[in-house]
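The values are calculated or read from the model by the stated rules, or taken from the named source; none is laboratory data. All of these numbers come straight from a predicted model, not from anything done at the bench. Using ideal geometry, Cβ is built from the backbone for each residue, glycine included, and neighbour counts are taken over all protein chains shown.
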Amino acid sequence: MKAGASVDLAPPRGMRDFYPHQAGLREILFNTWSHAARCHGFERYDACIVENLSLLKRKAGEEIVDQIYAFRDKSQRELALRPEITPSLARMVCAGWNDLTFPLKWFSIGQCFRYERMSRGRKREHYQWNLDVIGAPGPAPEVELLTTALSATEELGLGPAIRVHISNRELLSDLLAYAGIPAEHHAALFLVLDKRGKLSDDAITDMLVDSGFTTEAAAKVFELFELDSLDAVRRLLGRTTAALEHSAAVFEGLTTYGWENRICFDLSVVRGLNYYTGTVFEAFDVDRRFRAVFGGGRYDHLLEHIGGRPAPAVGLGFGDVVVTEIMNEIGCAPSVPAAADTVVGYMEADQSAIALRVAHQFRRLEERVDLAMGPEKARAFFGRANHTGARYAIYIGPDDVKTGHIRRKDLEQRTETTISLRDLTGDAS
RNA sequence: GUGGGUGUAGCUCAGUUGGUUAGAGCGACAGGUUGUGGUCCUGUAGGCCGCGGGUUCGAGUCCCGUCAUCCACCCCA
């Protein structure tokens, strides 16, 4: 940088630029998401990125509310960059209720923002694939959502590296009730239990005791986490419950789809958002070296909370940051295609018009063609053509114009094909 | 938020107890017979040594501050 006020060339903290290669990777990821969603019968929707702050504010206790990028516009309206899209979706569904036929299966890919401390896998902005089924009770929505997301991870080459940990908040409530803990304490307990594995069990016991639980009750809570299967839960309870049957049906459906090696029962999954009601799930790399790849759950009361009619709903969010990190880490990142199939260049300015017409013809044949911006020496042209990664190169000199034939070179196989200019452009000149 | 590491060319990094004019590899660009590419050879460009202060005759090097970044905690998506 020369004279003048120096500008910080880095993007703002937590924000990302995408150079062509990175943008290309992102495009492949987005296409994979879209493809998986459409294959499973989801319709695309989109919502505004700037949202009313009041819609996003919920009860305190959720970190997400403290991390909203909020601001006032010039009329003092309180607005925010959306931290997630689910509230906007709920708003759209409530507003459009009479025009919609249920159940809805909708997806979107949108940028979301959160002001927070950064670490690996966490930026202040990311793109998130959202899948939601609204208006369907029962286990089927969970099964469809998860099979859609799993097929996307499979498509990305991540299949065996990912496992979905599935739990159910209602089932956890059943177990806490069995342990003698009154229902009014369950919501607070979820937050504490979510820390298991991050804090020592002793520390969690202290937290529970501080909250008014007896040491015996805390010990009983820990016993619950020894449960590693739905059968173990059933044996402990000595009976079945609605939540237990629901979860069993989710596992059965996913097994029918053939995902039995990609899923596991894990009571420690609770999720940070407090609008989740029943099923909750998070997908992790099997070595647990990264943050969750995707997560979600059932939120049966969100719509009525924002003033709509009650409707059962299940949602899933799948961000671009962690999945990209894992793909880069295990080396299965898809290769970004070259910008062009064919590079067209020419030796002298006299051949520029011919080169332009040749490029035009190939483009009309649906080829992606990069035309030189000026004359180049042969060496420079082929060096550049090779560098672009294009498969074919057409280099036009005065002799080609004279003979009326151009040569199309296959850069990979080092072979040449001769093409008549007349055949190509219908014009011998 | 706590602790630690790292900031030198576009990238990866050297740089001696403080001592002339700041180094390499890769990449970029230009040449190596004015019509043929990845190798090879030569050359060129590219640096406020993160920023600010201090110590010193002298600081990339030592001290303080600050910012950025990474890691581990904390927390969570």
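Tabulated data
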item	result
Matching residues, the range A:292-318, being free of Cβ contacts under 8 Å to residues at least 40 places away in the same chain, within 16 Å of RNA strand B (Cβ to nearest atom) and in contact with a Leu (Cβ under 9 Å, 6 or more places away or on another chain)	A:295
Candidates A:262, A:235, A:289, A:239, filtered to the one that is of a type in the set (D, E, K, R) and within 11 Å of RNA strand B (Cβ to nearest atom)	A:289
In the range A:395-414, the residues that are near RNA strand B (Cβ under 6 Å from one of its atoms) and surrounded by 14 or more Cβ atoms within 10 Å (Cβ to Cβ)	A:395, A:397, A:400, A:407, A:409, A:411
Residue list for the range A:138-164, restricted to those being touching a strand residue (DSSP E or B) at 6+ places or on another chain (Cβ under 9 Å) and over 25 Å from residue A:324 (Cα atoms)	A:139, A:140, A:141
Which listed residue is acidic (Asp, Glu), within 9 Å of RNA strand B (Cβ to nearest atom), touching a residue at least 12 places away in the same chain (Cβ under 8 Å) and within 26 Å of residue A:20 (Cα to Cα), from A:348, A:376, A:367	A:376
Strands (runs of 3 or more DSSP E) (entirely within the range A:69-187) containing at least 1 residues that are in contact with a Pro (Cβ under 9 Å, 6 or more places away or on another chain) and farther than 30 Å from residue A:331 by Cβ	A:69-72, A:104-113, A:125-134
Residue within the range A:312-329 that is surrounded by 15 or more Cβ atoms within 10 Å (Cβ to Cβ) and assigned to a loop (DSSP other than H, G, I, E, B) present	yes
Restricting the range A:372-429 to residues that are among the acidic types (Asp, Glu) and in a loop (DSSP other than H, G, I, E, B), the residue that is modelled with the lowest pLDDT	A:427
